[in-house]
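Take a look at the structure below.
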Amino acid sequence: MPRIRTARRAAFLMFYASTVLPYASAHAARSAAGGEPDTLRKIVVTATLRAVPDVDLAGSATVLGAHTLRAAGEQHFEDVLPLVPNLNWSGDTSRPRYFQIRGIGELEQYQGAPNPSVGFIIDDIDFSGLGSAATLFDIARIQVLRGPQATIDGANALAGLIVVQSEAPADRFGGRVEVGAGDYGTRSYGAVLTGPVPALDSAFRIAAQRYVSNGFYTNVFLHRNNTNNRDETTLRGRWRYRPDPNLRVDLTVLHVAINNGYDAWAVDNSRTTESDQPGEDVQHSTGVSLHSIYRGWHAATLTAIATYARSLIGYGYDGDWGNERLWAPYTYQYSEFQARNRSTRSLELRLASPARPGIDWLVGVYGFEMREGLSDTNLGVYVDPIQQYASTTDSVLTSRYRDRNVALYGEIGGEIGSRTRWSVGVRGERHTTRYHDLTTNLGAPSTSNAFAPSFALWGGHLSIDYALRPEEHLYALISRGYKAGGFNLSQGLPAGERTFGSESLIDYEIGHKLVADRGRVQADTSIFYMRRQSPQLKTGTQLVADDPNTFVFYTGNASSGYSYGVESSLRWRATRTMTFGAAFGWLQTLYRGFVQNGILLPDRPLPHAPDWQGALNAQWQDPRGPYARIDVTGLGGFYYDLPPNPTRSHPYGLANVKVGWKDARYDVDLWVRNVLNKDYTVRGFYFGDVPPNFPNALYTQLGDPRTWGADLTVRF
């Protein structure tokens, strides 16, 4: 193991030394003669409290612009997620819903109230824990801020923040129509219309898309190939009102309807399922946001953001992954279905000093409320005719949850000389929650729970940025993140494991950022160490050996933990027609002092925290129209879960290819994803599912196989 780790460190140092450092030393001496190629698009991070060029940002961030999203992706954030260092996701859903940044984040939500570690924002609306809504149609950029973002987003951003922003209305009339088709019954249709409304000092944008696919599994019991289908609709409208240069108001209305099937588990871990009750993964999210900026005051700029969203979520699965023929002579039939109704509303007011040299400041107040209702139905029966044993598990849980959060935050920064800039931010917030449930059990007494915890939390950051040159910076950052505590709902848990406490995290980070060779090279590297106090960890246990629906999840606090590693990326415009890119993440994690059922678990790395991630891409774009792009991504192995699950995934690499024609009016794309048709896993469970002895075994969910298709875009 030490030799492997040393080899990985050496590989990263070779990568950095052979790509970034030569340009850092040579870019000042480059000559403009000889037909200078076009420069790369400058990266601006807007997910922070103030928009700032990435080279000036004292923190680790990845920005995927519209060009990258279209060139490397197809339909969903899932397609481009491997381009972001130290970002992973857990399966157990049809689309990525739960994310891990630097190894920290939720794997699923079967029981309990929402308690995310990774913030997820779409057009100012909080969709944390509901990442299925991240379709890519008409998206301008996706920004991933790694490390605690307490000053920006508070408790929801303990590990980091993902911000999705759609395209803004245009000042000229135009639009486009897109159609696509591929294997596995893939079809897509979309249209965009945008333009000005001069009489109202406004501009508008309307986007609509539908995407369908049979999915990649065949159910041999039901003789169907669409039990794991995808059916995704995106509707979005934006209105920008700008009566004068000092006032801008943006209104966004969106509706995302995910009507996907969920039949992705087979007893033999193949793509051939045998379930007689295939599940579903449905999310209907409707939201509205109002974002206004007023710059008419000499002393400050006022920003006001108001949002409202409602999501109806349906999630169900076949608990035994089989049917009566498969399990004969045993009667073995289990299923679960959850229906959630979540609403959120928020209001934020922010005053900031104008952008000018010297001291700048920012203060804000934030209020947020979430309400969620849940109905969780578990049905199951097991009959062993040989041992003459029978059990029935039928229960319905209904619950109501409310979380209110009020926060005050501020940030101040300034300059020390002509090259050094400092920044200090702090945020304090108060969480108050109320929860009540009722579980009705067939043939057993009903049970109920009620909780009303509250937490006072704080976090912030201190950073120093030093400019070696105008476009080469070094930075150092210390930030503190936090996360509220909560409660567990799984029946049968000991009283001492029904609640868990809040946690905190301190991130120490240094980094180097560079724009070189007259804008043709952009590179950044961050080295971080994050120390966690009382980290919240979710584990699980099966309470009844012959009842898979009694496999319960619950959260507890370990004594401490850490994550450390490296994140690096490089973009290089080699010629007018060739662009290369690379991203690399190296990660080591560990938790200590976690007690499960009275037993101290051994120290171990966090689940879904691969020790390395990498991405390479090359794109050729001829000015006359033809182009080609190849993406190669890789992921190291990771533990699927905490003990008692001892299993790990295998490292894998994937390749995606896209070729086509692009000009001012038309795009024609031919694409192949997972070219080599690699089998890889996105989730794994270790428990007993096969009667009559129910031996523990690993069951995995596979990622997408090789797929291909073609898209046509017509602009007007």
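The values are calculated or read from the model by the stated rules, or taken from the named source; none is laboratory data. Predicted, not measured: the structure shown is a model, and the values here were computed from it. Cβ placement follows ideal geometry from the backbone for every residue including glycine, while neighbour counts extend to all protein chains displayed.
The table that follows gives values for the structure above.
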{"quantity": "Sole residue being part of a strand (DSSP E or B), among the acidic types (Asp, Glu) and farther than 26 Å from Ser346 by Cβ, chosen from Glu232, Glu280", "calculated": "Glu280"}
{"quantity": "Cβ pairs under 6 Å, 6+ apart, first in segment 447-463 and closer than 15 Å to Phe500 by Cβ, second assigned to a strand (DSSP E or B) and among the hydroxyl-bearing types (Ser, Thr, Tyr)", "calculated": "Phe451/Tyr435; Pro453/Thr433; Ser454/Thr432; Leu457/Tyr482"}
{"quantity": "Hits in segment 297-335 - residues which are in a loop (DSSP other than H, G, I, E, B), crowded, with 18+ Cβ neighbours inside 10 Å and not hydroxyl-bearing (Ser, Thr, Tyr)", "calculated": "Gly319, Asp320, Trp321, Gly322, Asn323"}
{"quantity": "Yes/no for Tyr382 being touching a residue at least 12 places away in the same chain (Cβ under 8 Å), of a type in the set (Phe, Trp, Tyr) and more than 30 Å from Thr48 (Cα to Cα)", "calculated": "yes"}
{"quantity": "So Arg350, is it among the charged types (D, E, K, R), in contact (Cβ under 8 Å) with a residue 12 or more places away in the chain, within 28 Å of Thr440 (Cα to Cα) and surrounded by 16 or more Cβ atoms within 10 Å (Cβ to Cβ)", "calculated": "no"}
{"quantity": "Given (1) within 21 Å of Thr93 (Cα to Cα); (2) at pLDDT 95 or above, number of the condition Val249 does not satisfy", "calculated": "(1)"}
{"quantity": "Residue list for segment 154-170, filter: outside any loop (DSSP other than H, G, I, E, B) and over 15 Å from the mean Cα position of the chain (by Cα)", "calculated": "Gly154, Ala155, Ser166"}
{"quantity": "Residue in segment 494-503 that is closer than 30 Å to Gln596 by Cα, acidic (Asp, Glu), modelled with pLDDT of 90 or more and surrounded by 16 or more Cβ atoms within 10 Å (Cβ to Cβ) present", "calculated": "yes"}
{"quantity": "Filter result for Ile142 (under 18 Å from Glu78 (Cβ atoms), surrounded by fewer than 24 Cβ atoms within 10 Å (Cβ to Cβ), within 17 Å of the chain's Cα centre (by Cα) and not charged (D, E, K, R))", "calculated": "no"}
{"quantity": "Top-ranked residue of segment 410-424 - restricted to ones that are over 30 Å from the mean Cα position of the chain (by Cα) and among the charged types (D, E, K, R), ranked as farthest from Ala467 (Cα to Cα)", "calculated": "Glu415"}
{"quantity": "Selection from segment 635-657 of residues that are of a type in the set (Gly, Ala, Ser) and touching a Pro at 6+ places or on another chain (Cβ under 7 Å)", "calculated": "Gly636, Gly637"}
{"quantity": "Cβ-Cβ under 8 Å pairs, at least 6 apart or on other chains, segment 202-224 side part of a loop (DSSP other than H, G, I, E, B), far side aliphatic (A, V, I, L, M)", "calculated": "Phe216/Leu702; Tyr217/Ala264; Tyr217/Ala266; Phe221/Leu326"}
{"quantity": "Selected residue (criterion: nearest to Tyr401 (Cα to Cα)) from residues of segment 464-492 that are without any contact (Cβ under 8 Å) to a residue 60 or more places away in the chain and over 26 Å from the mean Cα position of the chain (by Cα)", "calculated": "Leu474"}
{"quantity": "Hey, Ala545 at pLDDT below 90 and either over 30 Å from Tyr401 (Cβ atoms) or part of a strand (DSSP E or B) (or both) or not", "calculated": "yes"}
{"quantity": "Unique match (being acidic (Asp, Glu) and touching a His at 6+ places or on another chain (Cβ under 9 Å)) among Asp124, Asp171, Asp138", "calculated": "Asp124"}
{"quantity": "Of residues in segment 548-568 being of a type in the set (Ser, Thr, Tyr) and either at pLDDT 65 or above or part of a strand (DSSP E or B) (or both), the one nearest to Gln613 (Cα to Cα)", "calculated": "Ser568"}
{"quantity": "Given (1) without any contact (Cβ under 8 Å) to a residue 60 or more places away in the chain; (2) surrounded by fewer than 20 Cβ atoms within 10 Å (Cβ to Cβ), number of the condition Ala134 does not satisfy", "calculated": "(2)"}
{"quantity": "Residue check for Leu193: in contact with a helix residue (DSSP H, G or I) (Cβ under 6 Å, 6 or more places away or on another chain), assigned to a strand (DSSP E or B), modelled with pLDDT of 95 or more and not aromatic (Phe, Trp, Tyr)", "calculated": "no"}
{"quantity": "Subset tally (residues that are of a type in the set (Lys, Arg), outside any strand (DSSP E or B) and in contact with a helix residue (DSSP H, G or I) (Cβ under 9 Å, 6 or more places away or on another chain)) for segment 497-540", "calculated": "2"}
{"quantity": "Subset of segment 260-277 (residues that are part of a strand (DSSP E or B) and surrounded by 17 or more Cβ atoms within 10 Å (Cβ to Cβ))", "calculated": "Asn260, Gly261, Tyr262, Thr273"}
